[in-house]
1. Within region 104-114, which residues are within 25 Å of residue 186 (Cα to Cα) and either of a type in the set (Phe, Trp, Tyr) or open to solvent by 30 Å² or more (accessible area, probe 1.4 Å) (or both)?
2. Considering 114, 78, 43, 108, which residue is in contact with a strand residue (DSSP E or B) (Cβ under 7 Å, 6 or more places away or on another chain), at pLDDT 95 or above and over 28 Å from residue 254 (Cβ atoms)?
3. Go through region 8-58 and count every residue that is surrounded by 14 or more Cβ atoms within 10 Å (Cβ to Cβ) and within 16 Å of the ligand (Cβ to nearest atom).
4. Since residue 62 meets every condition but one in (1) farther than 27 Å from residue 8 by Cα; (2) under 19 Å from the mean Cα position of the chain (by Cα); (3) without any contact (Cβ under 8 Å) to a residue 60 or more places away in the chain; (4) open to solvent by less than 20 Å² (accessible area, probe 1.4 Å), which condition does it not meet?
5. Going by the conditions given, is residue 62 aliphatic (A, V, I, L, M) and either closer than 30 Å to residue 253 by Cβ or within 16 Å of the ligand (Cβ to nearest atom) (or both)?
6. Collect the residues in region 309-325 that are under 21 Å from the mean Cα position of the chain (by Cα) and buried (at least 18 other Cβ atoms within 10 Å of the Cβ), keeping them in residue-number order.
7. Determine which single condition residue 256 fails, assuming it passes every other condition in (1) under 30 Å from residue 26 (Cβ atoms); (2) more than 19 Å from the chain's Cα centre (by Cα).
8. How many of the residues making up region 250-289 are away from the ligand (no atom under 16 Å from the Cβ) and either among the β-branched types (Val, Ile, Thr) or in contact with a Cys (Cβ under 7 Å, 6 or more places away or on another chain) (or both)?
Amino acid sequence: MKGKKIKKAKLDWGNLPFGYVKTDFNIRYVYKNGKWSKGKMSADVNITLNMAVPSLHYGQQAFEGLKAFETVDGKIAAFRPDENALRLQRSCKRIFIPPVPTDMFVDAVKRVVAANARFVPPHGTGASLYIRPLVIGTGARVGLGPADEYLFIVFVTPVGPYYKGGFKPVKALVVEEFDRTAPLGVGDCKVGGNYAAGLRGSEYGHDKGYPIVLYLDPKEKKFIDEFSTSNFIGIKGNTYISPESDTILPSITNKSLAVIAAEMGMAVEKRKVDIEEVAAFDEVGAVGTAAVITPISSIKYGDREFTFGAAGKVGPVSTKLYERLTKIQTGELEDTHGWLCGIKA
Ligand code: COI
């Protein structure tokens, strides 16, 4: 059955960057006196904060990233919001934020996407609606400690590919000069501090002509951790390999791709990956919500450069994985795992 016809916003859907576009509404919840309020839709893109809130000073905040799509039958669906809810709860626990319950999170996603239905990119444009939930400590205090009030907010913005050119190979650089996380730190949580810590390494890579940088484990600088924006995957023969590490984000895209790889008859391994091992990989990808799969054409490691596949070409396995995942997201392939969450606009 076709979805309801929605008059879409006037945007150049096929050429959207991964950027911010003002949409109609965001949804907000306040945590006060030990409980979360009901969600309130807001048309205001600004938030007013006391200057003494711990999210600004001590980084007490966590966030998420997920996407909604117009499916082939004209309906709208979000991809695995329940998984993002669980991941946000993990992040919150680590930095003493009261967890956002799963039903509240999923309901917030459904309501805010429905309210902004005209910004969900039309099917077939390759674009999607990026959903950014964030939770911040708002109760004013100056001494170090958790806030006693919080704001949970979800906004949306239509986006195109994260890296220029879309599904095209990019060069990566191993950065050993800066770490994005510490051995027993918060690298496995989606908190702003990890991304702030990674900015210097990304800039270092950009200056040398690398759009993406790869971090090794912060303890031994021997095993692969993750890219600046997303998880690492390697394809070696018929095996899908991703690093096991306590300092990387558990990527929902990676988890979904591993399921798809197994369905394609591949062996799936999650284990420590020595950087030296990439020399034997056939394909490498950077995988995450925003980027989906960014194929990696080469990795520069010290004086050496590991290259993957034919110059400028995306490997066959990455292509198949990318197509299967994006087709499930847009309803072109059957959603046998119940990953799509229908949204009534
Ligand atoms: C995502 O992939 O959703 C992220 O949050 C990564 C960010 C660098 C855009």
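1. Correct list: 105 only.
2. Checking each option against the conditions leaves just 114.
3. Adding up the residues that qualify gives 3.
4. Single failed check for residue 62: (3).
5. Taking the combined requirement at face value, the residue satisfies it.
6. 318, 321, 322, 324, 325
7. Residue 256 satisfies all of (1) under 30 Å from residue 26 (Cβ atoms); (2) more than 19 Å from the chain's Cα centre (by Cα) except (2).
8. The number of residues fulfilling the criteria is 7.
The values are calculated or read from the model by the stated rules, or taken from the named source; none is laboratory data. This is a predicted model, so every value here is computed, not measured. Ideal geometry is used to build each Cβ from the backbone, glycine not excepted, and the neighbour counts take in all protein chains shown. Only protein heavy atoms, including side chains, enter the accessible area calculation; ligands, DNA and RNA are left aside. Shrake-Rupley method; radii C 1.70, N 1.55, O 1.52, S 1.80 Å.
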